[in-house]
Amino acid sequence: MLKSPHEYVDGVLNRDRLMLARTITLIESTLPAHQELARTIVDLLLPHTGKGFRIGITGVPGAGKSTYIESFGNMLTELGHRVAVLAIDPSSSRSGGSILGDKTRMERLAVNANAFIRPSPSSGTLGGVGRKTRETMLVCEAAGYDVVIIETVGVGQSETTVASMVDFFLVLMIAGAGDELQGIKKGVLEVADAIVINKADGDNILRAEIARKEYQTALHMLMPNSPNWSPPVLTCSSLEHTGIGKIWETILDHRKKLSDSGEMSKKRKHQALDWMAFLLEDGLRQWFYSDPQVKAALPGLRAEVENEKTSPTAAADTLLRFLQVNNR
Amino acid sequence: MSENPKLQKWAELASKQMKGKSVDSLDWMTPEGIKVKALYTAEDLEGLENINTMPGMAPYTRGPMTTMYAGRPWTIRQYAGFSTAKESNAFYHKALAAGQKGLSVAFDLATHRGYDSDHPRVAGDIGKAGVAIDSVEDMKILFDGIPLNEMSVSMTMNGAVIPILAGYIVAAEEQGVSHDQLSGTIQNDILKEYLTRNTYIYPPGPSMRIISDIMAFCSKNMPKYNTISISGYHMMEAGANSVLQTAFTLADGVEYVRAALKSGMDVDTFAPRLSFFFGIGMNFFMDIAMLRAARFLWHRLMSEFKPKNPKSSMLRTHCQTSGWSLTEQDPYNNVIRTTLEAMSAVLGGTQSLHTNSFDEAIGLPTDFSARIARNTQIIIQEESQVCHVIDPLGGSYYIESLTNSIVEEAQKIIDEIAGLGGMAKAIESGMPKMRVEESAARKQARIDQGLDVIVGVNKYKLADEKIDFEVREVPATVRDEQIARIKEIKASRDQATVKKALDDLTNAAKNGGNLLEAALPAVRARATVGEISDAMEAVFGRFVATTRCISGAYSSEFKANDDTITAIKERTNKFLEKQGRRPRLLVTKMGQDGHDRGFKVIASAYADLGFDVDISPMFQTPEEAAKMAIENDVHVVGASSLAAGHKSLIPALIKELKKIGGEDILVVAGGVIPPADYDFLFEAGVKAVFGPGTPIPVSADKTLSLLEEKYR
Ligand SMILES: Nc1nc2c(ncn2[C@@H]2O[C@H](COP(=O)(O)OP(=O)(O)OP(=O)(O)O)[C@@H](O)[C@H]2O)c(=O)[nH]1
Ligand SMILES: [Mg+2]
């Protein structure tokens, strides 16, 4: 049922929702044939990418990421933007299946003609979030979505990966829970371009304001990672749609400051290098694990290490030597 | 071990009879987590707070009235409504002539959600799960020939309470009946809507205000009217066990009391008008004990508010037999189930009762099935001689002990809720919903394994199912009739008066003022249900639900390597290997039906079986569901339907999918779908239909087979 690369490319460029969706499926597929086709498509689409806004959003489960995107995304489409949302869902049971419920919290955006939302299971994917999300983002840009938002849960490694592929990385917090409670690692704050305290509504307004001040102080202690931008701390209510416009203004301001100073193009170049490094590591890993000899010997060696018959070092050496021998 | 020599002797004898196994091996752990022993004795009563009490006296364990059924039996109150007001009115007249005592009105889903029948979102719902009401003109037809000063009328309405209650009041006015003569109950229990049924309109804050406004208006003007019916029924139907039902219902009650107190009312002005509504399932003794425990606990909980009127802490309840326990398979068995459940409600001491019709898993009740349902109660009341003795099971070792266990377990959960800041906060945190869903998933897993027996479904199945009775269908013309009447009303009323009344209502919503009172002029001026709802929505907004789904609960009820489950997991893994991704399923609920139990259980079970499951927002149109299927690029869409909308909504979905290029996406359907409609759906392109009671491994197997065939 696969089509030729050009059919996908034309479909995406014609902004055909179905073809965009099917291209993403190819990108996400674990089959080598699909991945190869996807690579070809992405390469052909590459010239049509790179002009839009790339925004990453992270926060602990329940921080209100999806609700925020519902409010933020609808506002952007009203301003004339076309918005794509990539939601990476970590939920998976032992069997590996996932429940993808993001759209239930993006009810209006889900039916908005100028929005495209794609929830993706992250479970069991080789190379994790990195490759797939980046390529998906590019394809969405080629399909004319000038704002791409990536939602990821801030409790794993995925968020730093996401931070390294977007222009603006927003960390959503809620008041009344300490950092540890929120499970947010210091590292995440270090890459944040803004921190937003969500749910600043009802009897929570005051607490949100207190939290805002605390985070502001905390951020001052960190070294800013850009000479042109010091990350602000803002508050908003995604349910009551307050403070949302301010965040967009902040993102525009960020873009302007970084573009004017030339930092933006540097940032993207840097990201390209990071990306290459990532692909190299990922490729090596895949290459290694798909080697027939490695595949054959791995389970046995694992068992031997487990039973203390072989040392971990010796086992790893044995496996790595296969590659040397095979490629001499 | 007991010191009692007789009990020890018994245990020895019993153990001998069981070839040496200890009597403890007969213990049964109920789904509530209560350990039930094989034998109860006087010892089990020692120290229990709930024994040695009197009916009609605090703490009311034995019943709220002093003479209970010995004085007057419970009220036979059958819930009914479908199609147009005229059709429903005719049905009511027949029921009243045949021995029914009170009326109970079911509204269609469009009305519940505050939409007029001409609203495009609700095309598939008009007159389906209840009667369509668009204005006071419909209300007047509904109660035509029924003197509202004499008839007690119960109305199941939560979302659109303001226009509906105002409509009832104005219909009465126009019959010449004054406000203070009105008696009956409005459900008006919004908290449980956020928890299970989803037929709300506004966010929780404004909804709670509406409830306080209704309590305030009625306590002043309608002293005989019950302003709320705090409902556990829908929680049970959503899968809650009896302890969860008790705890969440009473916690809801406490929240309403707090809200009313906060709005400045004195507890004794409204608390005596609070009523309850419990669901009674197939665990016969458990639910008898549940009603007794609920009364005991409510008295305990209310004591905190120091009421002076004893009626303020007296729990009066309506009960309904479980709709969920009814099966599509071998449906006459449902008469027996309903009889048992009705007995349980009666022995538990209910004040009024609805018994379900045996055909409810198949279609809407017909005159025939409604008669059998009604007669089930009449026969218990008038033939079985059970009414002579008050609380006949009072003092039973088992019942009293079970009553105490429910009190203890429910109290723990109520305390937990108090710790979260009350039920409204708890609902916000998602805790109650998760508990109910977990309980539902576990139950489904027990049924699918045959651990919970359902005759005709997972045991003693009929080789050949056939339906030899009439099935009621709501004609598709109902919507057209309603739309025509809306047009007529809008053409004949005075627009300026309507506009002013609606503006005043919006104003009251914004700046304060009693909303029920403010809605009356609008109703009198012939504003529609939709217009009145919109006038408040302009200020309050429309609430959007958060759907959360648990995973793992379903499969954790299965034995570690249950064969059927393992086999299906292997197949989903195989599919992943061959296709590069897991089978991806979108479960969707189109139309205004908010019962999301089936849909949730399926989502979480299928994920446990290795599917990637997308869940759609509630209340989708076919176009919206199709867009989502395309965008998420799913292999199959599962459309869940419980409210008779399947014949229009599911074919519309298939058509829409074709239109936007998704013709290769399979569509399967599940829910309450009459077998007579299967062929219609197959012809429309549905690939499989799963009726109520289909074990999940069976539907998953079929769905996977369809996929495996397609993607070979
Ligand atoms: N009061 C208030 N509640 C909010 C706000 N934003 C989100 N919520 C609520 O918080 C809960 C979680 O919101 P989601 O948008 O699902 O959070 P999320 O971070 O996307 O969660 P995951 O996707 O599960 O990680 C929901 O019940 C929302 O209604 C807000 O601004 N104010
Ligand atoms: Mg989310």
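The values are calculated or read from the model by the stated rules, or taken from the named source; none is laboratory data. Keep in mind that what you see is a predicted model, and the values were worked out from it rather than measured. Glycine also receives a Cβ, built like all others from the backbone with ideal geometry; neighbour counts cover every protein chain displayed. For accessibility, only protein heavy atoms count, side chains too; no ligands or nucleic acids. Shrake-Rupley method; radii C 1.70, N 1.55, O 1.52, S 1.80 Å.
Among the GluC sites (Glu not before Pro) in region B:46-113, which ones are in a DSSP loop with at most 15 other Cβ atoms within 10 Å of the Cβ? Mind listing them?
Listed in order of number, the matching sites are B:E46, B:E49.
Accessible area, 1.4 Å probe, largest first: how do B:R435, B:R581 sort?
Working: B:R435 75, B:R581 40 Å².
My answer, sorted largest first, is B:R435, B:R581.
Tilt of helix A:65-78 relative to the longest C-alpha principal axis of chain A, in degrees (0 to 90, nearest 10)?
Its long axis makes an angle of about 60 degrees.
Computing the accessible area with a 1.4 Å probe over protein heavy atoms, can you report the carbon and sulfur percentage for chain B?
Here carbon and sulfur together make up 54 percent of the probe-accessible area.
What are the trypsin sites (Lys or Arg not before Pro) within region B:102-195 that DSSP puts in a loop, where the Cβ has at most 13 other Cβ atoms within 10 Å? Present the calculation step by step, with values, prior to reporting the outcome.
Numbers: sites: B:R113, B:R121, B:K128, B:K140, B:K192; in loops: B:R113, B:K128.
Of the trypsin sites (Lys or Arg not before Pro), not one in the loops of region B:102-195 has a Cβ with at most 13 other Cβ atoms within 10 Å.
To the nearest 10 square angstrom, how much accessible area does B:W10 have with a 1.4 angstrom probe?
It works out to around 90 Å².
As a test of reading the structure, rank B:M29, A:M137, B:M151 by solvent-accessible area (1.4 Å probe, protein chains only), most first.
From most accessible down to least: B:M29, B:M151, A:M137.
Where nothing but the Cβ of Lys and Arg (+1) and of Asp and Glu (-1) is charged, how large is the charge dipole of the protein assembly as shown around its Cα centre, in debye to the nearest 20?
Charge dipole, the protein assembly as shown, about its Cα centre: 980 debye, nearest 20.
Using a 1.4 angstrom probe and counting only protein chains, how large is the accessible area of A:V83 in Å², to 10?
The accessible area comes out at roughly 0 Å².
Could you work out the relative contact order of region A:1-47? I mean the mean sequence separation of Cα pairs under 8 Å and 6+ apart, divided by the number of residues, in percent. Let's see the in-between values first.
Working: 27 pairs, mean separation 17.9, N = 47.
Reported as a whole number, the value is 38 percent.
Sum up the charges of everything whose Cβ sits under 9 Å from the Cβ of B:R446, counting Lys and Arg as +1 and Asp and Glu as -1, but leave B:R446 out.
Net of charged neighbours comes to -1.
Return one number: the angle in degrees, 0 to 90 and rounded to the nearest 10, between the long axis of the Cα atoms of helix A:244-260 and the longest principal axis of the Cα atoms of chain A.
Tilt relative to chain A: about 70 degrees.
So if I place +1 on the C-beta of Lys and Arg and -1 on the C-beta of Asp and Glu, and nothing else carries charge, what would the dipole magnitude of region A:49-261 be about its Cα centre? I want it in debye, nearest 20.
Numbers: 22 positive and 23 negative charges, 86 e Å.
With Lys and Arg at +1 and Asp and Glu at -1, about 420 debye.
Accessible area lost on pairing A with B, both sides, 1.4 Å probe, Å² to nearest 100?
3100 Å²
Expected output is a single nm value to one decimal: the length gained when fully extending between B:H388 and B:K425, i.e. 0.36 nm times separation in residues minus the C-alpha distance. What is it?
8.9 nm
Using protein chains only and a probe of 1.4 angstrom, how many square angstrom of B:D464 are accessible, to the nearest 10?
Rounded to the nearest 10, the figure is 120 Å².
Once both axes come from the Cα atoms, what is the angle between helix A:263-290 and the longest principal axis of chain A, in degrees from 0 to 90, rounded to 10?
Around 30 degrees separate the two axes.
Using a Cα distance threshold of under 29 Å, what count of lysine pairs results for region A:244-328 when pairs must be 8 or more residues apart or interchain?
Going through region A:244-328 pair by pair, I get 12.
Might you report the magnitude of the Cβ-based charge dipole of chain B about its Cα centre, with Lys and Arg at +1 and Asp and Glu at -1, to the nearest 20 debye?
660 debye
Could you state the number of Å between the C-alpha centres of region A:267-328 and region B:11-73?
Between the Cα centres of region B:11-73 and region A:267-328 lies a distance of 64 Å.
Could I get the Rg over Rh figure for region A:29-77? Both from C-alpha atoms, Rh via Kirkwood, rounded to two places. It would help to have the intermediate numbers written out before the result.
Working: Rg = 16.2 Å, Rh = 14.0 Å.
My calculation of the ratio gives 1.16.
Step through the table entries B:K262/B:K443; B:K433/B:K659; B:K192/B:K220; B:K94/B:K687; B:K101/B:K461; A:K103/B:K710, compare each Cα-Cα distance with 31 Å, and write down the pairs that go over it. Walk me through the intermediate numbers first.
Numbers: B:K262/B:K443 39 Å; B:K433/B:K659 37 Å; B:K192/B:K220 26 Å; B:K94/B:K687 41 Å; B:K101/B:K461 37 Å; A:K103/B:K710 27 Å.
Where the Cα-Cα span goes over 31 Å, the pairs concerned are B:K262/B:K443; B:K433/B:K659; B:K94/B:K687; B:K101/B:K461.
With a 1.4 Å probe and all protein chains left in place, how much accessible area per residue does region A:1-47 have, in Å²?
Dividing the accessible area of region A:1-47 by its residue count gives 50 Å².
Once the cut-off is 13 Å, how many percent of the Cα-Cα pairs in region A:276-326 end up in the long-distance tail?
The answer is 60 percent, as a whole percent.
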